[in-house]
Structure formats: C-alpha cells, structure tokens
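Below: one structure, written as structure tokens.
The values are calculated or read from the model by the stated rules, or taken from the named source; none is laboratory data. None of these values were measured; they are calculated from a predicted model. Positions of Cβ are generated from backbone atoms using ideal geometry, with glycine treated the same way; all protein chains shown enter the neighbour counts. We work out accessible area using only protein heavy atoms, side chains counted, and drop any ligands, DNA or RNA first. Shrake-Rupley method; radii C 1.70, N 1.55, O 1.52, S 1.80 Å.
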Amino acid sequence: MALFVLLTLGAVATLSALGNWRSGLIWMLVIAAVQDPLRKLVPGAPGSLLLIVIPVFLATGFGLISARRHVWLGFQSSFPAVARSLGWFVVACLPAALLSLTYGPGSWAFTAFGVLSYGIILSSILIGFYYLRSERELRRLLAIYCLITAVALTGTFLEYFKVDALADIVGTKALDFDWIRYGSGYTVQLLAGFYRSPDVMGWHAAAAAMLSLVLVFAGRDPGRWRWLAVTGIAIAALAVSGRRKMVYMLPFFLLMVVLLILQSRKRGLDLQSLVLLALPLLIAFSVGNWLGAESEFVRYYTDNPNDVAVQAQRHGWEAVIGTFQQTGFWGSGLGFATPGAQNIPFPRPRVWQESGMSRLMVELGVPGLLMMLVFIGNLLMAGLRSARWQFAAHAPFGRYSIALLAFVLANIASLAISGQILADPFIACFIGLMMGMQLSLTRLAWRLRAAEPVMDGPPQAAIAAAS
C-alpha cells in the first residue's frame, strides 16, 4: 500500500509539473517530507524510491522550456561570467566522462549517473532563476517548506521520547541501521525521526531554521514573528540529530548575514538585524537547558572543540592532495564518487573521499575541480554583487537576497566537510533552486523600479553589475 501511494504521488506530481511547471516545486516539497516514512513501510525499504523526485524535477524543467523560449540565453545575458564558467566546466568534465566510460563492463551507468547528478544541480539554478515573479511567490514557497518540515520534524520528538506507536516509521529500525557516536565516557544515539537518517533530518532541520528566520528577517507584516515557532521546533530537532556539520550551519548562516549586511550597509547593523541574531541564540540556549547540561548531545557538541578544525583540515585540502597523489591529474572518472553511486551494481574504483572538493578531485581531476571552483566563485560573486546593490539601494528584496545567499554559503561550508547529503536528489535540487532565486531577485527589483516614474538607470546595467 505504501509503495502504491508513493508511486501514485510521484505520477500525479509529474503530470502536474508537465501542465504547470511551477507546481512541480511544491510537489517536490511534499514528496521530500513523505518519501522516507512511506519507504520504511515498503518491504526491504528499497533505496531506489529516493529517486521518485527526479521525474518530477525533469518534468518541471521540461515545462519551463516549453513555456519559455530561450531559457539559457536569458540567463546568459543576465550573468555572462557565470554562464561562461559553466560552459568551461562542462568542457572540463569531458575527459572524466571518457575515463569512466572505458573503466569496464557497466561503467557507463556511473557516467550516466554522474551526468544526471551534476545536471540536476546545475539546471536547478536555472529553474530557480525563472521561478519567482513576486515577493509573495517567494514567501509562499518558503512558508510551505517550513510548515511541511515542521510537521515532519515531529517524528524526531516521537523518537526522542520513545513513543512506540509509530515505531515502524520513526527512526532507522526499518533500515536495520543504528547511528551511534562515541564520546569520552558516553555514547550518543543519533535521531532520524521520520527521515531515513540523522544526516537528512539534520539538514532539513537546519534548512527550516534558516528559512523560517528568512521569513522573519525579510518580512514586513507584523505576523512574520510567528515563524519563530518553526525556528524553535527546527533548532530543537537539529540539536538531537547529533550531526555537527548540520548544527554548525545555523551559526555560520547568522555570521554570513552579519558580514553581508556590514558590507552593504555603511552605518552597521540595524535593530532588526540585531534582533534576528539574538533570537536564534536565545532559542538555542533554551534548547540546551531543555536537554540539560549533562545531556549526551550537549556534551557531544561542546567537548573537544578542536576536533572540528581537525576534521575540516582532514577533509579539506589534505584530502584533495591525498586524492591527487592517488589518482593523478585526471582523476578516476565521472560518477564514481557521486553520492549514491555505491548503489550501482557494477565494479568501480575504491573511493574513500567524503568532502565535496575531494569528491570533485577523484571524479573530475584537476581540470574539473578548478573549473568547478571558478564556476562557484563567479556564481557567489554574482550573488554578492546583487545582494549588496539591493541592500544598499533599499530595494524591496534586499533582505531576501542577503539571507538566501547566506543560506547557500552555509550549505557550501557544510558540503566542504562532507558531500554525502547530495545523495538526496531533493536536497541537491533545493540548494540550486535557492541560488537561482537569489540571482533572480535583481530582475524582480528592477521590474518594480521600471513601474516607478523615475529610474536610476537601465535594468541591464544593474543585472550586468551582478554578473
């Protein structure tokens, strides 16, 4: 029955996206929340069910192309530097694709999987760029995600309080796997709730905490403060995920918001920004008191803080250098280290890399890694110029632009330590969508200014300045 429900939901969502491509994103939010608990009810809990969101995403992309001509040309004219670097990245991937194609029988599956994975992430930026038409549409999307995730995170508290009524879909019992971390004299049982792993639950909790703060930070109506309830739920669930790389996304997000505002505002932080910083810290302090000073989770996050720097160093350039020494200039081939490739039933090279850069190095070699870094650099610089211009010019989307860019930066920082979370197609899509929407806010701001009697300059000038 659960399998039938999940497949039916995927089919309905795909057909809906073909008819109205913007509806595809809403369906993806729903599927991301229900796919894991339904999967746990299917005998054997097959991992292939995680791919059910991909047809919906492909239908969304096809619907965009059908509804709007010259999709690529429109993006290229707005951000030429980003478009050029993306083209060079594709060229740099060709040797890696040839390597993986010729590895052995069945290696074509890894090549195809790599192309699909990178293609989804990169094309999601385009979909996000064209999705938004108004502030209301952005708030609606973020609100739906935060509400759905807040409901899904209730499973985490059911697991924490050991409620047995929903034991089949809460935790990882159905997957025959226990997540345990060992500290100095204590053990930590990591919680997953309705999700399939603490990693996935922790990411959604961190994303809901950050995006609910975006709704508070950037909104103008008095009712925006109610979103702090979602922030509190998300931070509490995040605390019991036991995944430090997800927990640290939230303070990194807040730090990036501060730095971006300071770069864009000559008079320093305003009162609203200071309140934004204080409230999540107050919520986190309250959650720590709820767990108790002797809680294994609190001890796990506070014991041995130097371990964070050690792990970052080990999974950073040290892993990249070690990969280069092992695989050489060209790497091992496209798709072999892509998260989820371990489920493909064909021989592949031994892969130990975990961080984002070391995975790129082992798959794409030096050319692919360098071109990806250039592309990400151009993408973030375009987002930074857009955010600084909008915030400094008091454009209506200035706060959204800064907050969404900080959200993307927090995810990049986490991926630099571990890229395994990208095995979830929805999460890979969602990060790209947020980046694309952040870039599109410049266009929306100039569209509003075009309706005013006096303009400061042509829209093309502002868009070119953000590229």
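Taking 0.36 nm per residue of separation and subtracting the current Cα-Cα distance, fully stretching the chain between Ala393 and Val42 would add 121.0 nm. What residues from the range 231-247 fall in the zone where the backbone N is under 16 Å from a label point 7 Å along the Cα-to-C-beta line of Asp303? Once the point is set 7 Å along Cα→Cβ of Asp303, 242-244 turn out to lie under 16 Å by backbone N, inside the range 231-247.
Model label points for Val115 and Val91, set 7 angstrom from Cα along the Cα-to-Cβ axis, are 2.0 nm apart.
When the Cα positions of Phe79, Gln326, Ala236 are compared along the charge dipole of the chain, Phe79 comes out farthest toward the positive end, with charges on each C-beta of Lys, Arg, Asp and Glu. The mean accessible area for residues of the range 70-149, using a 1.4 Å probe and ignoring ligands and nucleic acids, is 44 Å² per residue.
By the gyration tensor of its Cα atoms, with a ≥ b ≥ c the square roots of the eigenvalues, what is the shape of the range 149-233: rounded for a/c under 1.5, prolate for a/b over b/c, or oblate?
On the way: a/c = 2.79, a/b = 1.99, b/c = 1.41.
It is prolate, given that a/c is not under 1.5 and a/b is the larger ratio.
Averaged per residue, what accessible surface does the range 367-435 expose to a 1.4 Å probe, in Å²? Provide the component values of the computation, followed by the final result.
Values: 1820 Å² over 69 residues.
Averaged over the residues of the range 367-435, the accessible area is 26 Å².
The distance from the alpha carbon centre of the range 5-22 to that of the range 408-447 is 23 Å, rounded to a whole number. Annotation note: chymotrypsin sites (Phe, Trp or Tyr not before Pro) in the range 158-227 located in DSSP loop regions with a Cβ neighbour count of at most 10 within 10 Å are Phe161. Estimated from the Cβ-Cβ distance and a Förster radius of 41 angstrom, the FRET efficiency linking Thr187 and Leu73 is about 0.15.
If R0 is 35 Å, what FRET efficiency do you get for Phe157 and Leu259 from their C-beta distance, rounded to 0.05? If you can, show how the numbers build up before the last one.
Values: r = 34 Å, r/R0 = 0.96.
Once rounded, the FRET efficiency stands at 0.55.
Each residue of the range 405-420 was assigned a 3J(HN,Hα) from its phi angle through the Karplus expression (A = 6.51, B = -1.76, C = 1.60, θ = phi - 60°), giving 5, 5, 4, 5, 4, 5, 5, 5, 4, 5, 5, 5, 8, 8, x, 5 Hz with x at Gly and Pro. For the chain, the mean residue ellipticity at 222 nm estimated from helices alone is -23000 deg cm²/dmol, where every DSSP H run of n ≥ 4 contributes -39500 (n - 2.57) and the total is divided by all residues, rounded to the nearest 500. For the pair the range 121-163 / the range 382-396, the C-alpha centres are spaced 24 Å from each other. Residues in the range 158-175 carry Karplus couplings, in order, of 4, 6, 5, 8, 6, 7, 8, 4, 10, 4, 5, 10, 9, x, 10, 4, 5, 9 Hz; the curve used is 6.51 cos²θ - 1.76 cosθ + 1.60 with θ = phi - 60°, and Gly or Pro positions show x.
Let's test the formula: R0 of 30 Å, r as the Cβ-Cβ distance of Phe285 and Gln313. What FRET efficiency results, to the nearest 0.05? Mind dumping the intermediate values first?
Values: r = 29 Å, r/R0 = 0.98.
The pair Phe285/Gln313 has a calculated efficiency of 0.55.
Using the alpha-carbon centroid of each, what span in Å lies between the range 172-228 and the range 33-82? Here the two parts' Cα centres lie 23 Å apart.
Cα gyration tensor of the range 7-121, axes a ≥ b ≥ c as square roots of the eigenvalues: rounded (a/c below 1.5), prolate (a/b > b/c) or oblate? Oblate shape, in that a/c is at least 1.5 and b/c is the bigger or equal ratio. Rounded, prolate or oblate, given the Cα gyration tensor of the chain, with a/c below 1.5 counting as rounded? Rounded.
For the chain, which whole-number percentage of the solvent-accessible area (1.4 Å probe, protein heavy atoms only) is attributable to carbon and sulfur atoms?
Values: 13440 of 20120 Å².
The nonpolar share, carbon plus sulfur, comes to 67 percent.
Derived scalar couplings between HN and Hα for the range 19-26 equal x, 9, 5, 5, 5, x, 5, 5 Hz in order, rounded to whole Hz, by the Karplus curve 6.51 cos²θ - 1.76 cosθ + 1.60 (θ = phi - 60°), x for Gly and Pro.
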